[in-house]
Amino acid sequence: MQERISPVTRVSGEVSLPGDKSISHRYALLASISEGESRIHGYSTGADCHSTLGCVRALGIAVEEQGTDVLIRGRGLNRLRAPASDLDAGNSGSTMRMLSGILAAQEFTSRIGGDASLSRRPMERIIKPLTEMGASILGRDGRFPPLEIRGAKLRPIDYTLPVASAQVKSCVLFAGLYAEGATVVREPLRSRDHTEIALAEFGADIRVERRVVTLQGRPRLTGRELFVPSDLSSAAFFIVAALLVPGSELVVRGVGLNPTRSTLLDVLASMGAKIRILEVTEKNGELVGQISVKSSGLRGGVIERGTTAALIDEIPVLAVLGAASEEGLMVRDAAELRIKETDRIATIAENLRRMGIEPEVLPDGICVPGRQRFRAATLDSFGDHRIAMAFSIAALVADGPCEIRGADAASVSFPEFYQILRQVTS
């Protein structure tokens, strides 16, 4: 699908965005292995999160959907059923990595695969700790999906993540639910902590001390009523749009403001963005509030080390913002971008070049020059949802209409993206 986007004069209004993708995955998985019903309000509309629902259904879990409300009837830790065929994670690395931790403890063998993009994404980071815990996992060439997971009685481990990754941390913690004793995960840098919060909500005995997470195995998890806040990573595209287009003023309602995710707002504020946080409350352990943003002249800056890890999903749209800033944007320590849905360093650079901007590509990052003008161009998502959305935002300030090839990739995380973009632009 192609999407034609013309330059706009203003971004304005108030919007509510779909539920947080990361939280939705975790709630669905934990609700499935809890006892009793869980009702999840505001579940993500993205295809990735519906891949998770499809997988748990295939494992014998009753799931009812009414719009963005999802009712899951959990069966407890040990009552999943062997699937009749391969589990399909679609494009969702989150589904594959986190569900594998649960599958590793089952009394049956399962296979989990996905689409062509997911099949190119290496899985050694989950294979290694799950093998140490006692599971047997076979992958294509020893590292790629589909994965054949032969469940086993798992033992707890004390595991240091080689690279900060919330998905790998979650995989180990989910496996640790089935192990007798304490499973410990040590992080080199702090990653998003939605799993730790969700585990506590469902009744797990979990302790977090700085970057060390300790989980006691074999808890009794109990179904809950849960509210999913709007996704800050989705809000990032609209925040950047409002910052870029002169005369803009936008309010995004009900956004998750988890401190391990809100680095985005801190970085933008440090660049000179006019952003205010309003009406902060707490739901199910997660902070939620409103974000008010006005168009701003930005300085630019450097994203590196732990900040890069915290902003890994937002870097494509921040690269667009960097090109319009005074000083440009340097991103380092972002090798993880090479193994996302695309090589995002390469696909960011390619689309910037098409718009007349020459970035410097680094092995682990990208340097985007500032004070640039965006030239109208035919752009490509390369099948990557975040690339599609990031360069749709760039098109708003181009010198003419742009075509986005493969724009339907946005549906992986945000099916309503183009509809809402049209609502807030003029």
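Laboratory data are not the source of any read-out in this text; all were calculated from the coordinates shown. Because the structure is predicted, anything quoted here is derived from the model rather than measured. Positions of Cβ are generated from backbone atoms using ideal geometry, with glycine treated the same way; all protein chains shown enter the neighbour counts.
If you wrap the chain in the convex hull of its Cα atoms and look at it from every side, the mean projected area works out to 17.8 nm².
Semi-axes of segment 22-88's equivalent ellipsoid from the Cα gyration tensor, sqrt of 5 times each eigenvalue, largest first, rounded to whole Å? Could the numbers behind the result be given before it?
Working: eigenvalues 62, 41, 18 Å².
Semi-axes from the Cα gyration tensor: 18, 14, 9 Å.
Which FRET efficiency value, to the nearest 0.05, do you get for ARG140 and VAL251 by plugging their Cβ-Cβ distance into 1/(1 + (r/R0)^6) with R0 = 41 Å? Once the sixth-power term is evaluated, E becomes 0.30. Phi angles across segment 16-29 convert, under the Karplus curve 6.51 cos²θ - 1.76 cosθ + 1.60 with θ = phi - 60°, into 3J(HN,Hα) values of 10, 10, x, x, 4, 5, 4, 5, 4, 3, 5, 4, 5, 5 Hz, Gly and Pro given as x. Mean separation of Cα pairs under 8 Å and 6 or more residues apart, divided by the residue count, gives the chain a relative contact order of 18 percent.
Where does each of 99-109, 267-277 land if you order them by average Cβ count within 10 Å, highest first? Let's see the in-between values first.
Working: 99-109: 22.6, 267-277: 17.1.
Listed from highest to lowest mean packing, they are 99-109, 267-277.
Please give the contour-minus-distance gain from ALA182 to HIS41: 0.36 nm per residue of separation, less the Cα-Cα distance, rounded to one decimal in nm. Working shown, then result.
Numbers: separation 141, 0.36 × 141 = 50.76 nm, distance 3.17 nm.
Extending this stretch completely gives an extra 47.6 nm.
Estimated from helices alone, the mean residue ellipticity of the chain at 222 nm is -9000 deg cm²/dmol (sum of -39500 (n - 2.57) over DSSP H runs with n ≥ 4, per residue).
Remark: spin-label model distance ARG220-SER16 equals 3.6 nm, labels positioned 7 Å along the Cα→Cβ axis.
Annotation: amide H-H contacts under 5 Å for LEU287 (H modelled 1.01 Å from N, sequence separation of 5 or more, or interchain): LEU257, ASN258.
The shape of segment 194-335 comes out oblate: with a ≥ b ≥ c from the C-alpha gyration tensor, a/c is at least 1.5 while a/b does not beat b/c.
Its alpha carbons considered, segment 27-132 gives a radius of gyration followed by a Dmax of 13.5, 41 Å.
The stretch between SER119 and ARG150, if pulled fully straight at 0.36 nm per residue, gains 9.2 nm over its current Cα-Cα span. Less than 5 angstrom separates the built amide H of ASP380 from those of ARG405, all sequence-distant by 5 or more or on a different chain. Could you check the simple spin-label distance between ARG373 and ARG79, using points 7 Å along Cα→Cβ, in nm with one decimal? For the pair ARG373/ARG79, the computed spacing is 6.7 nm.
In order along segment 98-104, the Karplus-derived 3J(HN,Hα) couplings, from 6.51 cos²θ - 1.76 cosθ + 1.60 at θ = phi - 60°, round to 6, 5, 4, x, 6, 4, 4 Hz, and Gly and Pro are given as x. Subtract the Cα-Cα distance of ARG276 and LEU362 from 0.36 nm times their separation in residues, and report this length gain in nm to one decimal. So the chain would gain 27.6 nm between ARG276 and LEU362.
Using a 10 Å cut-off on Cβ atoms, rank the peptides 316-328, 33-45 from the highest mean neighbour count down. Could you put the intermediate results ahead of the total?
Numbers: 316-328: 24.1, 33-45: 21.4.
Ranking, from highest mean packing down: 316-328, 33-45.
Computed from the C-beta positions of ASP205 and ALA335, the FRET efficiency with R₀ = 35 Å rounds to 0.50. Only the Cβ atoms of Lys and Arg (+1) and of Asp and Glu (-1) were treated as charged; on that basis the dipole of the chain about its Cα centre amounts to roughly 440 debye. Couplings for segment 52-57, taken from phi via the Karplus curve 6.51 cos²θ - 1.76 cosθ + 1.60 with θ = phi - 60°, read 4, 4, x, 5, 5, 4 Hz in order; Gly and Pro are left as x.
Largest mean-square fluctuation among ILE23, ILE157, ILE348, in a Gaussian network model of the chain whose springs join Cα atoms under 10 Å apart, belongs to ILE157.
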